[in-house]
Amino acid sequence: MKRLIVIGISVLTLALFAVGCASGAVNNPAAATAAVTDSAAAVATSAPSDIVTTDTAANETLELTLDQLKQYDGKNGNPAYVAVDGIIYDMSNVKAWGNGDHNGYSAGNDLTDIIKNKSPHGLKNLEGLPIVGKLVDG
Ligand code: HEM
């Protein structure tokens, strides 16, 4: 009998507790929503910052003349861009192109002939590099 009473009291306590919680959310939906929104916001802001596809896509429309390309020499904080077959590649994050220089050649130039006819590696080293635009006459 005693055991039954104990079980009964526990069930009752649990029920009362649940009602209390529900009434809290009902009585203060704003707090409940705020809690949800905060956690959703926390999830959203923790998205990896490395999603830069939009930027890169936008840059693919960059159109530069040979003269304009010269300023992208990889020096003094400038990006290091190189043109090959009319396509402009970004060498800024390529270790072998530190400070915009590579085996005596500099960024900010059209190096089609050099990579095809003088480099030991040929065009294969361009695979996977970010394309930032195209070379236009002017
Ligand atoms: C005579 C001229 C050149 C020489 C002797 C040369 C030599 C080299 C060497 C030894 C490497 C490192 C090892 C390798 O990845 O094969 C390298 C890497 C590289 N070269 Fe050249 N290169 C020349 C011209 C060029 C040109 C004109 C371009 C671009 C237009 C270029 C783009 C690259 C890139 C992007 C890498 C890095 C590859 C990577 O880390 O995945 N190179 N080059």
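Here are the numbers:
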| read-out | value |
| --- | --- |
| Packing rank of 90-99, 116-125, where each peptide gets the mean count of other beta carbons within 10 Å, highest leading | 90-99, 116-125 |
| Residues GLU63 and ASN117, FRET efficiency given R0 of 25 Å [Cβ-Cβ distance, rounded to 0.05] | 0.45 |
| Accessible surface, 1.4 Å probe, highest first, among residues VAL6, VAL132 | VAL6, VAL132 |
| Spin-label pair LYS75/LYS124, simplified geometry with 7 Å Cα→Cβ offset, distance in nm | 3.3 nm |
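The values are calculated or read from the model by the stated rules, or taken from the named source; none is laboratory data. Predicted, not measured: the structure shown is a model, and the values here were computed from it. Cβ sites come from the backbone with ideal geometry, for glycine too, and all protein chains shown count toward neighbours. Protein only, heavy atoms only, side chains kept; ligands, DNA and RNA dropped before computing areas. Shrake-Rupley method; radii C 1.70, N 1.55, O 1.52, S 1.80 Å.
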